[in-house]
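The values are calculated or read from the model by the stated rules, or taken from the named source; none is laboratory data. In this text the structure is predicted, and so the values were computed from the model without any measurement. All Cβ positions, even for glycine, are placed from backbone atoms using ideal geometry, and neighbour counts span all protein chains on display.
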Amino acid sequence: MSTSAEFDVPDGLVAAAIRAAQQRGRGVADVPLSVIAQTAGVSRSTLLRRMGGSRGALDDAVRRAGVDPGGKSVRERAIEAGAQLIGERGLATVTLEMVAEAAHCSMPSLHAIFGTRDRLCAAIYERYSPLADLVSLFADPTASFEQTVAGFYRTMAEGLTREPQVVPAMLADLLGSPQGPAAQIFADYFPRARSSVGGWLEQQLRSGRIRDLPIPLVIELLIAPLVVHVLLRRAARETRWDVADLQHVCAVFTGAFLHAVARPGDRSDTRSQHPRQSATRHGEHKRSK
């Protein structure tokens, strides 16, 4: 009798097994063979014969199709495992072989689903970056200028500091190797981010809320302080530096940005968020402890 390692289960049976599992809301491994046979339109004995007499052969074939017999797809496991590895080791050192081992899947499965390592990394970045949340934030027509800026820093801070810290690890690799794999990922996603943030800033410029400054420079002024802080914050964990509370950091950067770009007549609403005043209050709070 053929073993599961060498038996080629027909694609039709694999599809029937996956379909039967989806219909019942469970993993393929939990679906009786009689149910799979019925879904495939064959008898149980015919099903066993076509899969070499081994349930393991069917499970292996389902894995090669990109679905975990236990329910979670190979794609999901690979993205989660890859994100954890990138957060711990950095982008440059993570290989497809390492992801396959951590995700308990085969290399052929990864190639079938993602094609290349770069595409896997892009899928990981899209899953763990705050980009989608930022697009929604800047599209909200009901929020004020000040509310949107404050929301930007909160969203970015949450997205950049949650575990696994994929985006900071990729940024570190980008700074260390400008021509490396991280460069292509950011090149693919930056236009989308630029369109969202830049479009919103252009609206603020046309409405007279911000000074007449080049939009690319305003974007850098908005993003750079928090990105640098997050990268230094990662280093601080190893060197035991004192770091400010993240909520306070966001308040300081919000006030600083508003003070830098808002037109003089529109700064009355931002006084409570001025960085010097906020920092003074923070220092008084620390001294009072």
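Take the conditions (1) without any contact (Cβ under 8 Å) to a residue 24 or more places away in the chain; (2) within 30 Å of residue 129 (Cα to Cα); residue 78 misses just one of them, which is (1).
Residue-level check: of (1) modelled with pLDDT under 70; (2) surrounded by 15 or more Cβ atoms within 10 Å (Cβ to Cβ); (3) within 22 Å of residue 156 (Cβ to Cβ), residue 246 misses just (1).
Where helices (runs of 4 or more DSSP H) fall entirely within the range 14-112, those with at least 3 residues that are within 30 Å of residue 175 (Cβ to Cβ) and modelled with pLDDT of 85 or more are at 74-89, 96-103. Residues in the range 123-149 that are more than 30 Å from residue 96 (Cα to Cα) and either of a type in the set (Gly, Ala, Ser) or touching a Cys at 6+ places or on another chain (Cβ under 7 Å) (or both): 136, 139, 143, 144. Selection over the range 165-222 of residues that are loosely packed, with under 15 Cβ neighbours inside 10 Å, among the hydroxyl-bearing types (Ser, Thr, Tyr) and either in a helix (DSSP H, G or I) or touching a residue at least 12 places away in the same chain (Cβ under 8 Å) (or both) gives a count of 2.
Residue-by-condition table, conditions (1) of a type outside the set (Val, Ile, Thr); (2) not assigned by TED's automatic domain parsing to the domain that holds residue 110:
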| residue | (1), (2) |
| --- | --- |
| 17 | yes, yes |
| 20 | yes, yes |
| 24 | yes, yes |
| 33 | yes, yes |
| 36 | no, yes |
| 49 | yes, yes |
| 82 | yes, no |
